[in-house]
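The values are calculated or read from the model by the stated rules, or taken from the named source; none is laboratory data. In this text, all values refer to a predicted model and were calculated from it rather than measured experimentally. Backbone-built Cβ (ideal geometry, glycine too); neighbour counts: all protein chains shown. Surface accessibility is based on the protein's heavy atoms, side chains included, excluding ligands, DNA and RNA. Shrake-Rupley method; radii C 1.70, N 1.55, O 1.52, S 1.80 Å.
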Amino acid sequence: ITQRPWYLAAAPIENKRGGIVWSKPYVDAALNGLVVTCSVPVQDEHGGFRGVAAMDIKMTNITELVSAIRLGKTGYAFLIDGDGHLIAMSEAGYPDFGVTSEDIATGTYLEKNLLTDAPMDLFRILAKMTSSQNGIATITLNHVEKYISYRPVPTIGYSLGIVVDVSE
């Protein structure tokens, strides 16, 4: 256990401040889905390092919440991690990205060779999202002009994007 990534990330060598550490999302076979691990160092009464406490959190609730976001008639949300892996997206978003939900699974890295029909403007925005920037832009997706607003979720290093037709 002391060599597992979640343990090493929370131990004092990697975690100088001794705070909570969140893993990158990964597909866990035992829990059957996308999971993040939250780990924190455990100290004795003298501040000495004693070990790490950790728990796996299924992303089901988060993906359901994000997928359920609707703005107007066409608006939707999507969530990516700091590396550009898709955490959640409404079904309405897949056509805009030029794919189907069967083409990309949750946890997939959103890259040009996968999203072959997506415009380069989308990848510029995704790059800003993965570098913790926020903003709003106008972009053409699926032949429709849309606003895309994005903002980081700093606690866990994710970024939330909101997309809605300009006509709305």
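Summary of computed values
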{"read-out": "Ranked order, S131, S167 - accessible area, probe 1.4 Å, largest first", "value": "S167, S131"}
{"read-out": "Residues whose placed amide H lies under 5 Å from that of Y158, excluding near-sequence neighbours", "value": "V153"}
{"read-out": "Solvent exposure, largest accessible area first (probe 1.4 Å, DNA, RNA and ligands not counted), of T155, T63", "value": "T155, T63"}
{"read-out": "Partner lysines for K24 [C-alpha distance under 23 Å; skip if fewer than 8 residues away on the same chain]", "value": "K16, K58, K112, K128"}
{"read-out": "Whole-Å semi-axes of the chain's equivalent ellipsoid (Cα gyration tensor)", "value": "35, 16, 13"}
{"read-out": "Karplus-derived 3J(HN,Hα), 6.51/-1.76/1.60, for each residue of region 86-92, Hz, glycine and proline x", "value": "6, 9, 7, 7, 5, 3, 5"}
{"read-out": "Solvent-accessible area, 1.4 Å probe, carbon plus sulfur percent, for the chain", "value": "54 percent"}
{"read-out": "Region 115-166-region 85-104 distance, computed between alpha-carbon centres (Å)", "value": "13 Å"}
{"read-out": "For G72, net neighbour charge (Lys/Arg +1, Asp/Glu -1) across residues whose Cβ lies under 10 Å away", "value": "0"}
